[in-house]
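Structure, as structure tokens:
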Amino acid sequence: MTERFDAIIIGAGQAGPPLAGRLTSAGMTVAVVERKLVGGTCVNYGCIPTKTLVASAHAAHLARRGADFGVLAGEVSVDMAKVKARKDKIVDDDRRGVEDWITGMTGCTFLRGHARFVGPKTLQIDDRTIEADRIFLNVGGRAVIPDIPGLADVDYLTNVGMLELDTVPEHLVIIGGSYIALEFAQMYRRFGAQVTVVEKGPRLASREDEDVSAAIKDILEAEGIAVVLGATAMSVAKQDNGFALTPRDGADPVVGSHLLVATGRRANTDDLGLDVAGVRTDGRGYIEVDDELRTSAEGIWAMGDCNGKGAFTHTSYNDFEIVAANLLDDDPRRVSDRVTTYALYIDPPLGRVGMTESEVRRSGRKALVGKRPMTRVGRAVEKGETQGFMKVVVDAGTHEILGAAILGVGGDEVIHCIVDVMTAGLPYTAISRTMHIHPTVSELVPTMLQDLRLLE
């Protein structure tokens, strides 16, 4: 027997539950299907657990620096089991809160299991068949495992497995030099592990400007993290209780105890029967959507990491807002309306918005650039955290802010004053003539914008 609903949501990540709330509040019957853990990547394997670990790592780092501030704390050690227990409690509480929210919605049916299309609007979940005229896909993504000789023969971890460690690795080797890799690298170095980052490209965080990448490398190396670049022909071999990773032909192997693979992510779209529903995907497996997140199939939408429009919690939640606005509020919101922004949560963090300096140069437009080292920021000096810099790029003709990077203490928060102005479509003078509170990191943003120079 087929059960009928007004709407079906596949996946209980960051977009699915709030959409279920809006749809049920509008009087619809909704089925929410989740095959694993409620809350998706953010709650279980991403933002919440990793930033909880980052906080513990920062506490250890600050304790070791106590003497710099005149505070003598003695020798610092890390109880990784307690660190993990703290992380687990925060994650469990958050997951339970989301699940209670879903199951408490009037008109919502929560189903556990893996959903596959067996018809254009019909899904099979184990021995249960359900259908609806409106279907929303919020199926997330998972780690990509690269084709590296010998990798399958050794025990390796992804971001999921790393979160289950209750001891500090002797030597953590990380394949990959982007955001997930760098966050784990620094936190585990601060927990006490020897850490080596191995990246196939010529620099870390390759999507960023070269000066940002170089500063990130300097920050990590200053804490004792080894960085190996240009690892163009990696191979792995099992060795005693660990492994040996050879970066390239003729290079000395890196011998480690634990191996983390962090080379990117892919969408969970390969086992949904999307072809049965007429839902198209691109060459990388991401579901193709229009500006309102509608798929190629009538009555089916895709939200979150699976649509390739931004693999972040904030973009997933914004996807929900766009879908709800168009479907329920007669409010024509679009994906193209939003300004791209994100952060890298090493310490100090990187806050990013809009275009990089390199992208502006390639565009050929006449532009202005402003830059300030964090050593010129009084608040950073007072806190003893002067690594990094802030940079902004402005259109020379329209005075529109094109993009910014703030690598430094509070960078993930400070970036929002620029995000807000860009979203509002205001010129840079909306910030440069604004009075900010002293002493803050944000007060240097107007100062930076008052000293722009031509981008050559």
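Computed from the coordinates by the stated procedures, all read-outs in this text should not be read as laboratory data. Not measured: the values here are computed from a predicted model. Here Cβ is always computed from backbone atoms with ideal geometry, including for glycine, and neighbour counts include all displayed protein chains.
Laid out as a table, the results:
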{"quantity": "Cβ-derived FRET efficiency at R0 35 Å, Met1 paired with Ala55, nearest 0.05", "calculated": "0.10"}
{"quantity": "Whole-Å distance, taken between Cα centres, linking the range 183-220 and the range 44-87", "calculated": "19"}
{"quantity": "Magnitude of the charge dipole, the range 342-454, Cβ model with Lys/Arg +1 and Asp/Glu -1, debye to 20", "calculated": "440"}
{"quantity": "Neighbour-count order for Arg361, Arg284, fewest beta carbons within 10 angstrom listed first", "calculated": "Arg284, Arg361"}
{"quantity": "Dipole of the range 342-454, positive end: most advanced residue of Ala396, Gly411, Pro373 [Cβ charges, Cα centre]", "calculated": "Ala396"}
{"quantity": "Where labels lie 7 Å past Cα in the beta-carbon direction, separation of Asp147 and Thr106 in nm", "calculated": "5.6"}
{"quantity": "Taking all pairs of distinct alpha-carbon atoms in the range 225-275, Kirkwood radius in angstrom", "calculated": "13.5"}
{"quantity": "Given Lys200/Lys309; Lys36/Lys84; Lys51/Lys217; Lys51/Lys383; Lys82/Lys238; Lys89/Lys383, the pairs whose alpha carbons are separated by over 28 Å", "calculated": "Lys82/Lys238; Lys89/Lys383"}
{"quantity": "Modelled FRET efficiency - R0 35 Å, Ala237 with Ala81, Cβ distances, 0.05 increments", "calculated": "0.70"}
{"quantity": "Within the chain: Cβ-based charge dipole about Cα centre, in debye rounded to nearest 20 (Lys, Arg +1; Asp, Glu -1)", "calculated": "560"}
{"quantity": "Extension reserve of the Thr167-Asp271 stretch, reckoned as 0.36 nm per residue once the Cα distance is removed", "calculated": "34.0 nm"}
{"quantity": "For the chain, the Rg and Dmax computed from alpha carbons only, in angstrom", "calculated": "23.6, 72"}
{"quantity": "Charged-residue dipole, Cβ positions (Lys, Arg, Asp, Glu), the range 222-354 about Cα centre, Debye nearest 20", "calculated": "460"}
{"quantity": "Calculated on alpha-carbon atoms, Rg and Dmax of the range 238-337 in Å", "calculated": "20.2, 63"}
{"quantity": "Sparse-neighbourhood loop sites, trypsin sites (Lys or Arg not before Pro) in the range 66-170 - DSSP loop, at most 13 other Cβ within 10 angstrom", "calculated": "none"}
{"quantity": "Under the span-like rule (Cα at least 24 Å along the axis, Kyte-Doolittle mean at least -1.0), DSSP H helices of the chain", "calculated": "47-64"}
{"quantity": "Share of pairwise Cα separations in the range 342-454, more than 19 Å, in percent", "calculated": "39"}
{"quantity": "Ranked Met1, Met162, criterion: other C-beta atoms within 10 Å, fewest first", "calculated": "Met1, Met162"}
{"quantity": "Per-bin percent of Cα-Cα distances, the range 1-99 [5 Å]", "calculated": "3, 11, 16, 14, 12, 10, 8, 7, 6, 5, 3, 2, 1, 0, 0"}
{"quantity": "Amide H contacts under 5 Å for Ala367, placed H, 5+ residues apart", "calculated": "Ala396, Leu455"}
{"quantity": "Approximate shape of the range 151-263 as ellipsoid semi-axes (Cα gyration tensor, √5λ), whole Å, largest first", "calculated": "21, 17, 12"}
{"quantity": "Stokes-Einstein D in µm²/s, Kirkwood radius over Cα pairs - the range 282-375 at 20 °C with 1.002 mPa s viscosity", "calculated": "136"}
